[in-house]
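Please treat every number below as a calculation from the coordinates, not as lab data. Keep in mind the model is a prediction, meaning the values are calculated, not measured. Methodologically, a virtual Cβ is constructed for each residue, glycine included, from the backbone with ideal geometry; neighbour enumeration extends over all protein chains shown.
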Amino acid sequence: MNSTIFITGAAGLVGSALARALRERGHQVVSLDLRDPDSLARGDVRDATAVTRVMAGCTGIIHLAAVSRVIFGERDPALCRSTNIGGTRTVLEAASTAPNRPWLIFASSREVYGQPTRLPACEDAALAPINVYGHTKVAGEGLVLEARGLGMRGAVVRLSNVYGSTSDYPDRVVPAFVRAAVRGEPLRVEGADHTFDFTHVEDAARGILALTDLLLAGEPPPPPIHLLTGTPTTLGELAGLACELAGTRAAIVEAPPRNFDVARFYGSPERARTLLGWSPQIPLRQGLARFVEAVRAEEGGAR
């Protein structure tokens, strides 16, 4: 049965991919995003009136809207907290008073763990964030847990270094490395041995779709779930792979890491496999090769 799904942050990296996938399945998608080109869908997730208006009649909510980068949180902690915590509270309060009581999926992050003591990290690892953004995601998860205690069907997904669209922020690590490699410009690597779990946006969207199907079927919400590959890749390896796939000899310049970044993270996707039947389908080499070709096409076939 087709449903109406409300996506906050639908103009973002994950939101735009997810909205397309939901529409392809026949669902109606309504959205709210500060960056949405459609004036009817443009709005602030902290605006209770706007949230309530868009939410009316929805079966479920996928809450992606956030100050979505660690560096943005460090530059403007107040905005990060008001958007990520205040905005989540606004969405949950509106949902709690909506006549049809929609379910909710909250997009959290691997940043909630800070630096895990054991890798690969599982979802039951301690939450110990080391930056403002991570703290706001822990707080958001807490708000969803409180809402579940009051009867809401709320679920949490934790994403990890999602990439895969040329419309993404150009200074995020994957777009920055790929664009520099395609242009033959130096790749600046801040912490070459820092290790992360890179997940293609199509895999992330498929995982959220699988959780959406579970909730649409009336199943109880599962515990927090990773959507990630379980494969560690250092920033040095990522830079080298970008240069290899771009076929250039761009210089790789090592620089000191930032003091607010996690140094090492990769996680276990086993819970997603068990509860959702989901596993990643796009390995990093394939996803990065697609990104290289997309950038090359966008920049007029640069070599």
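HN-Hα J couplings of segment 116-122 from phi, Karplus 6.51/-1.76/1.60, θ = phi - 60°, integer Hz, Gly and Pro as x?
x, 7, 10, 10, x, 6, 9
Within 10 Å of each residue's Cβ, count the other Cβ atoms and sort Tyr163, Tyr169 from fewest upward.
The order, fewest Cβ neighbours first, is Tyr169, Tyr163.
Angle check, please: helix 284-298 long axis (alpha carbons) against the longest principal axis of the chain (alpha carbons), in degrees 0 to 90, nearest 10.
80
What's the exposure ranking of Arg81, Arg290, going from fewest to most Cβ atoms within 10 Å? Don't jump to the answer; show the numbers that get you there.
Values: Arg81 18, Arg290 15.
Ascending Cβ contact count within 10 Å gives the list Arg290, Arg81.
Determine, for Thr117, Thr90, the number of other Cβ atoms within 10 Å of each Cβ, and report the residues in order from fewest to most. Display every interim value, and only then the final one.
Values: Thr117 10, Thr90 21.
Lowest to highest Cβ neighbour count: Thr117, Thr90.
As a check on your grasp of the helix formula, calculate [θ] at 222 nm for the chain: sum -39500 (n - 2.57) over DSSP H runs of n ≥ 4, divide by the residue count, round to the nearest 500.
-12000 deg cm²/dmol
In degrees, nearest 10, range 0 to 90: what is the angle between the Cα axis of helix 132-149 and the longest Cα principal axis of the chain?
30
Quick check: the angle from helix 201-216's long axis to the longest principal axis of the chain, C-alpha only, nearest 10 degrees?
The helix 201-216 is inclined about 20 degrees to the chain.
Work from the charge dipole of the chain (Cβ charges, +1 for Lys and Arg, -1 for Asp and Glu, about the Cα centre) and give the residue of Ile252, Ile282, Gly236 farthest towards its positive end.
It is Ile282.
Expected output is a single nm value to one decimal: the length gained when fully extending between Arg183 and Thr97, i.e. 0.36 nm times separation in residues minus the C-alpha distance. What is it?
Full extension of this stretch gives 25.8 nm more.
What is the set of long-range amide H partners of Val253 at a cut-off below 5 Å, with H atoms built 1.01 Å from backbone N?
Leu187, Arg188, Val189
How many angstrom lie between the C-alpha centres of segment 44-104 and segment 126-169?
12
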